[in-house]
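Notes to accompany the following structure.
Derivation of every value follows stated rules applied to the coordinates shown; laboratory data play no part. Source: prediction; values computed, not measured. Ideal geometry is used to build each Cβ from the backbone, glycine not excepted, and the neighbour counts take in all protein chains shown.
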Amino acid sequence: MYDTWGDRLANGFTPFDWWLIIVLSLVAALIMRKWPQWPAAAAIAFFIDAAAPFFYRWAVGIPPDFAFDFAVSRLDDRGGIVVLLRLTFYMLAIGGIYWTKRRYGRN
């Protein structure tokens, strides 16, 4: 009857979501130059993550109102925990990739 926290988490992330998180995190971390840009990079990646399904569906011919409804419901179906976890995953992934880049990259 009621979803458990694990069910919400498992249903809140599809393989496409994980792919998008990884790709956007890689791009954001590789573009970053200094640590103070970290929150902005995560926020921009999250915004692109939220907007990408709308523009994709709109481009393939779905009317904008339905495309927008689907894009918002993707973030809203499982409650706020999925939205907060997305932002947390972006922060962790971008921070980890940037730290690795700084640690092992050319100076």
How tilted is helix 64-76 with respect to the longest principal axis of the chain? Cα atoms for both, answer in degrees (0 to 90, nearest 10). 70 degrees
What does the extension gain come out to for residue 72 and residue 43, with contour length at 0.36 nm per residue minus their alpha carbon separation? 8.8 nm
Looking at 38, 70, 105, which one has the Cα that reaches farthest to the positive end of the dipole of the chain (charges on Cβ: Lys, Arg +1; Asp, Glu -1)? 105
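Tell me what the chain gives for mean residue ellipticity at 222 nm when only DSSP H runs of n ≥ 4 count, each as -39,500 (n - 2.57), the sum divided by the residue total, rounded to 500 deg cm²/dmol.
-26500 deg cm²/dmol
In terms of the ratio Rg/(2.2 N^0.38 Å) built on C-alpha atoms, what value belongs to the chain? Intermediate results must be reported in sequence, preceding the final value.
Numbers: Rg = 15.6 Å, N = 107, 2.2 N^0.38 = 13.0 Å.
My calculation over the Cα atoms of the chain gives 1.20.
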To the nearest 10 degrees, the tilt of helix 38-59 (Cα long axis) against the first principal axis of the alpha carbons of the chain is 40 degrees
Pulled fully out, how much extra length does the chain show between residue 83 and residue 58, if you take 0.36 nm times their separation in residues and subtract their Cα-Cα distance? 6.8 nm
